[in-house]
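The values are calculated or read from the model by the stated rules, or taken from the named source; none is laboratory data. Because the structure is a prediction, the values reported are computed rather than measured. Neighbour counts are summed over all protein chains in view; Cβ atoms, including those assigned to glycine, are modelled from backbone coordinates with ideal geometry.
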Amino acid sequence: MSLAAFTEFSLLGFSFYYLYRLITDYKYLKSSIPFYEDNKIFYRIAFVGVFCLILSFQVYWFTTFYKEHRYLAIFAKIILGIFSLFNQIFINEVEKEKEKTRKRKKEDKDIDEIVDRPMDKKLIFKLINRLFLLDIAIKIFGKVK
């Protein structure tokens, strides 16, 4: 498997992660109407970004567009990186709001910390951003296979 294929498959995996988070966070958003009204634009942009990431993989896998048009592929990856930032911002905002809700309820903190521990957001954000940079660097300096 080439490095370009690895980055594309990794980006597809993260797009499914983003899609999962958007679907699960939608239930939370609908339960908190003021928070939904404040962040519905972020939610819609994040949802469009997820579908663009999935479509980008399909363009890579089923066509030769990225091989023939390297600079357009780089431009597309930069745009997808911007959509990824919207996804990251949205997920971060939802996590902050969930944390506020947990503090307000004042449930058993020991059980909440063990059962409902959020993933390390900074690690995931760093990883996805580095994947985008790696993919762009491969398209600039290497041959796409």
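Could you look through segment 1-20, keep only residues that are aliphatic (A, V, I, L, M) and buried (at least 16 other Cβ atoms within 10 Å of the Cβ), and pick out the one that is farthest from Arg70 (Cα to Cα)? Per the stated criteria, the residue is Leu19. Taking the listed residues Ser32, Ser56, the one that is farther than 26 Å from Lys126 by Cβ and touching a residue at least 12 places away in the same chain (Cβ under 8 Å) is Ser32, with no other qualifying. Every test in (1) more than 29 Å from Phe6 (Cβ to Cβ); (2) at pLDDT 75 or above; (3) out of contact with any helix residue (DSSP H, G or I) (no Cβ under 7 Å at 6 or more places or on another chain) is passed by Ile82 save one, and that test is (1).
When we screen Asn87, Asn92 for residues that are within 20 Å of Asn129 (Cβ to Cβ), within 10 Å of the chain's Cα centre (by Cα) and in a helix (DSSP H, G or I), the only hit is Asn87. Regarding Asp38, is this residue free of Cβ contacts under 8 Å to residues at least 12 places away in the same chain and surrounded by 12 or more Cβ atoms within 10 Å (Cβ to Cβ)? Criteria met by Asp38.
When Ile23 is tested against (1) touching a Cys at 6+ places or on another chain (Cβ under 9 Å); (2) loosely packed, with under 12 Cβ neighbours inside 10 Å, exactly one condition is not met: (1).
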